1. Going from the alpha-carbon gyration tensor of segment 167-311, what semi-axes, largest first and in whole Å, does one get by taking the root of 5 times each eigenvalue?
2. Considering only A39, M106, I207, whose Cα is most displaced toward the positive end of the charge dipole of the chain, charges sitting on Cβ of Lys, Arg (+1) and Asp, Glu (-1)?
3. Looking at segment 2-95, what % of the alpha carbon pairs are farther apart than 19 Å?
4. Mind listing the long-range amide H neighbours of V269? Cut-off is under 5 Å, sequence gap 5 or more, other chains count too, H placed in the peptide plane at 1.01 Å from N.
5. Could you list which residues have their amide H under 5 Å from that of A24, counting only those 5 or more apart in sequence or on another chain, with H placed in the peptide plane?
6. Looking only at Cα atoms, what is the convex hull volume of segment 101-168 per residue, in Å³?
7. Probe radius 1.4 Å, ligands and nucleic acids ignored: give me the carbon and sulfur share of the accessible area of segment 259-311 as a rounded percent.
8. Using the alpha-carbon centroid of each, what span in Å lies between segment 15-59 and segment 221-296?
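The values are calculated or read from the model by the stated rules, or taken from the named source; none is laboratory data. Computed from a prediction, not measured in an experiment: that's the story for all the values here. Cβ sites come from the backbone with ideal geometry, for glycine too, and all protein chains shown count toward neighbours. Accessible surface is based on the protein model in full, side chains and every heavy atom, while ligands, DNA and RNA are left aside. Shrake-Rupley method; radii C 1.70, N 1.55, O 1.52, S 1.80 Å.
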Amino acid sequence: MHHAHSAPAVEARGLVKRYGGTTAVDGLDLTVERGAVTAVLGPNGAGKTTTIESCEGYRVPDAGRLRVLGLDPVAEAAALRPRIGVMLQSGGIYPGVRAMEMLRHMSRLYAHPLDVEALAERLGLGSCGRTPYRRLSGGQRQRLALALAVVGRPELVFLDEPTAGLDPQARHATWDLIRELRADGVSVVLTTHHMEEAEELADRVAILDGGRVIAHGTPAELCGGGEKADVLRFAGRAGLDIASLRAALPAGCEVAEPVPGGYRVTGDVTPRLLATVTAWCAQHGVLPDRITTRRHSLEDVFLELTGRELR
């Protein structure tokens, strides 16, 4: 069995999943390293949920190879289940059960569970422990789902939108818990709509679009390693002569038009650079709109790759 222990947390090769005439996952390749936090980002419909549900054994892929902790999530589900934690969206929970009852019940299914009381306290579930599930607020359900996913000390945990609908304090408590899991050697796969969450927590990021992984790496790699970390954006008419603009700029600056009429200048963003860009626009009869300058962020990378905002 040693082989299974040294295998990546998740290894997908050429994964395909169709629903009727729709291909949700289209030849997806993904490797999730052990003991790291991997954020899976993508616009709605990119195939994130299907990919995660396939890893959890809830969906059977139509083609490709998938191994989770070295096991086949469908054929070897009985061996895999106790080793993974899954954050269920509300479907899987009986509405009359009380929060702490549910958590205690879940903890008894595992050999070495976390301390239930401490975990509940941690996630602010203490006060609502006797409340039936159906009367919990959205944020309380979210925190209970997270507690249920991690109480069994899984080797690998899948967290689907773990902080959706949480207030900032609860979000930070969740982030701290995820960091602790990672410090304990747990592999975490996280889907999120919050870019700052991915930047804050992830060791590696996989960006999905159209059912495949279109970029994968550390946040720093995806953001260009930092030496070209500044970005100036502006809007203008589509199809400006960017070669001419590039020639006007200081050495080492790059210009691109990732989406029609949306321009991005990367390089050392200084007052002089801003003046050069606006002067060039004036010479070419362009009124630049929405000029912004900032560090190149994961959100920028995502927008460039998918042409869409994450939310």
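1. On the way: eigenvalues 242, 47, 38 Å².
Those come to 35, 15, 14 Å.
2. After comparing all options, I get M106.
3. Details: 1821 of 4371 pairs.
For segment 2-95, the fraction of Cα-Cα distances above 19 Å is 42 percent.
4. For V269, whose amide H was placed from the backbone, the distant partners under 5 Å are D230.
5. K17, R18, Y19
6. On the way: hull volume 6.1 nm³, N = 68.
Once divided by residue count, the hull of segment 101-168 is 90 Å³.
7. Working: 1640 of 2980 Å².
Heavy-atom surface of segment 259-311 belonging to carbon and sulfur, 1.4 Å probe: 55 percent.
8. 35 Å
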